[in-house]
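Here is the structure we will look at, set down as structure tokens.
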Amino acid sequence: LALDALDELAGWGLVPPVVVADAGYGQNADFRAGLAERGHAYVVGIRGDITVQPHDAHPTAPAWCGTGRRPQPRYRQPPVTVASLAAAAGRDAFSEVTWREGSRGPMTSRFLAMRVRPAGVRSRRLAQAAAVARHGRWDGVLPEVRLLAEWPDGEDKPTRFWLSDLPDDTPVPELVRLAKIRWRIEHDYRELKHGLGLDHFEGRSWTGWHHHATLVTAAHAFLTEQRLAPKADTPASPSTRPSTPSRTC
């Protein structure tokens, strides 16, 4: 459904600069592959149990004896979880990053970015299918992405993880800003529900709910546009000028 929504947006000529998603989407290898196929850069949350190969790992194949099928190249070392890989780097490898100003002060934590190759069964099959479709064969190499890990102060290990296919020269603070932008989604969702009545629908039909949700979304888009648009400079109207000087009590 998410990929269909992106395809529909593309049909309208709208392409997001970056797709961000929580682990409910980011954990899905098909979703990540679908974004890559469409050319959408992404920063998506994942769980710590996703397995990867280090970026400098290379698949190898044993020498062919001349009979039977040629052995396929594969990684000889077992994959590791992103949680264990990030923890093995050590706390000193993590740098402090402030991504925004919160209601109680700067939002700050410690982060590490490193290149990895997702190595789950589904990731391997998707990589193989893409390579065969493009080149007619697969050399066993898994695509590289960036792993972003967070190790907050007071914790004994990294706690949150994201995968991104943004360019290598993307600064870590920018990766963190995008990874943490979910607060904006939650803010908008709260505004849709409590400020504009998204959860006030009491009908029973799909059509009625669709109409209600569409109008609420349109109202939110209008208010957002008004909030972001700079106010135009206009001459003061004579009818709005006070006839007497204002006084404060």
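DSSP beta bridges confined to the chain are antiparallel in about 90 percent of cases. Ranking G68, S103, G90 by Cα position along the charge dipole of the range 1-137, where only Lys, Arg, Asp and Glu carry charges on their C-beta atoms, puts G68 farthest toward the positive end. All C-alpha to C-alpha distances of the range 82-198, sorted into 10 Å bins beginning at zero, yield P(r) values of 12, 32, 28, 20, 8, 1 percent in whole numbers. Under a Gaussian network description of the chain, with springs only between Cα atoms under 10 Å, the residue in L166, L228, L148 that fluctuates furthest is L228. In straight-distance terms, cross-link reach from K193 covers every one of the aspartates and glutamates whose alpha-carbon lies under 15 Å from its own, apart from those fewer than eight places away in the same chain; here that gives E202.
With the whole protein complex present, E8 retains an accessible surface near 110 Å², based on a 1.4 Å probe. Looking at the square roots a ≥ b ≥ c of the eigenvalues of the Cα gyration tensor of the range 30-97, which shape do they give, rounded for a/c under 1.5, prolate if a/b is larger than b/c, or oblate? In terms of gyration-tensor shape, oblate. Straight-line reach from K157: which aspartates and glutamates fall under 14 Å, measuring Cα to Cα and dropping same-chain residues less than 8 apart? Correct list for K157: D49, D92.
Share of carbon and sulfur in the accessible area of the range 83-149 stands at 49%, probe radius 1.4 Å.
Starting from the Cα of K180, draw a straight line to each of the aspartates and glutamates and keep only those under 13 Å, dropping any in the same chain fewer than 8 residues away. Once the sequence-local aspartates and glutamates are set aside, what remains near K180 is D22, E101, E150.
With a 1.4 Å probe and all protein chains kept in place, how do H187, H194, H40 rank by accessible area, largest first?
Of H187, H194, H40, the descending order of accessible area is H194, H187, H40.
Of the residues K157, K180, K231, the one that moves most in a GNM of the chain with alpha-carbon contacts below 10 Å is K231. Accessible surface of the range 1-80, 1.4 Å probe: 57 percent of it comes from carbon and sulfur atoms.
Looking at the range 53-156, the trypsin sites (Lys or Arg not before Pro) that sit in a DSSP loop and have at most 12 other Cβ atoms within 10 Å of their own Cβ are R69, R76, R104, R137.
In the assembled protein chains, W209 presents an accessible area of approximately 90 Å² (probe radius 1.4 Å). Evaluated with a Cβ-only charge set (Lys, Arg +1; Asp, Glu -1), the chain carries a dipole of roughly 440 debye about its Cα centre, given to the nearest 20. Average accessible surface for the range 90-209: 62 Å² per residue, computed with a 1.4 Å probe over protein heavy atoms with every protein chain in place. With θ taken as phi - 60° and the Karplus curve 6.51 cos²θ - 1.76 cosθ + 1.60 applied, the whole-hertz 3J(HN,Hα) list for the range 194-211 is 8, x, 10, x, 4, 8, 8, 5, 10, x, 10, 9, 5, 4, x, 5, 4, 4 Hz, x standing for glycine and proline. A viscosity of 1.567 mPa s and a temperature of 4 °C, combined with the Kirkwood radius over C-alpha pairs in the Stokes-Einstein formula, give the chain a diffusion coefficient of 58 µm²/s.
The values are calculated or read from the model by the stated rules, or taken from the named source; none is laboratory data. Remember, predicted model here, so these are calculated numbers, not experimental data. For neighbour counting, all protein chains shown are included, and Cβ atoms are generated from backbone atoms with ideal geometry for every residue, glycine included. Only protein heavy atoms, including side chains, enter the accessible area calculation; ligands, DNA and RNA are left aside. Shrake-Rupley method; radii C 1.70, N 1.55, O 1.52, S 1.80 Å.
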